[in-house]
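Here is the structure we will look at, set down as structure tokens.
The values are calculated or read from the model by the stated rules, or taken from the named source; none is laboratory data. Since this is a predicted model, take the numbers as computed values, not measurements. Quick reminder, even Gly has a Cβ in these numbers, built from the backbone with ideal geometry, and neighbours come from all protein chains shown.
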Amino acid sequence: MKWYQATIQQTLQAFNSSLEGLSESTVQQLQQQYGKNQLKEFNKKAAWQILFAQFTEVMILILLIAAVISFFIGDARDTIIILVIVMLNALVGFVQEYNAEKAIEHLKKLSASTAEVIRDGGKGFTISRIGIGTR
């Protein structure tokens, strides 16, 4: 269905709702089935955790082992080249992941913290992010 072309009645029917809003029992049932209508919290990683994670990938570990072997063989040039590549990879990965974490934080701050809803045909009321879907 192309939602932007749907009529009000088609949209209400598709979501099993009405102009009077959802009943409190329907809200409870939907919350049990789908959970609350809110963004999931995630564990924010510290900068050092993000940096450390860059060195736990299999390919990076293989390159580090190759650098150690190259060092013991006596090939300092190859050792340095491999370590520079590993460090550049870690730097790029760290910057990307750190910026992604910051972007998620900013998006979360921009999301609406309240919404106006209608329940059981009553007047609209405002609910907060903490209790979305309940009075």
Mind checking whether some residue in region 41-54 is over 27 Å from the mean Cα position of the chain (by Cα), modelled with pLDDT of 90 or more, more than 30 Å from SER25 (Cα to Cα) and not in a strand (DSSP E or B)?
-> no
Selection within region 14-35 - farther than 19 Å from ASP120 by Cβ and either over 25 Å from the mean Cα position of the chain (by Cα) or among the charged types (D, E, K, R) (or both) | ALA14
Qualifying position, being under 27 Å from SER111 (Cα atoms), touching a Gly at 6+ places or on another chain (Cβ under 9 Å) and not small (Gly, Ala, Ser), among LYS44, LYS36 | LYS36
Restricting attention to region 76-120, report how many residues are in contact (Cβ under 8 Å) with a residue 40 or more places away in the chain, assigned to a helix (DSSP H, G or I) and β-branched (Val, Ile, Thr).
-> 1
Condition met for ILE60 (under 22 Å from ALA100 (Cα atoms), touching an Asp or Glu at 6+ places or on another chain (Cβ under 8 Å) and surrounded by 14 or more Cβ atoms within 10 Å (Cβ to Cβ)) = no
Residue count for region 11-38, restricted to those that are assigned to a helix (DSSP H, G or I) and either within 16 Å of GLU116 (Cα to Cα) or touching a helix residue (DSSP H, G or I) at 6+ places or on another chain (Cβ under 9 Å) (or both) | 4
Which one is surrounded by the fewest Cβ atoms within 10 Å (Cβ to Cβ), of the residues in region 1-10 that are part of a loop (DSSP other than H, G, I, E, B) and aliphatic (A, V, I, L, M)?
-> MET1
Residue, surrounded by the most Cβ atoms within 10 Å (Cβ to Cβ), within region 115-135, restricted to residues that are at pLDDT 75 or above and in contact with a helix residue (DSSP H, G or I) (Cβ under 7 Å, 6 or more places away or on another chain) | ARG119
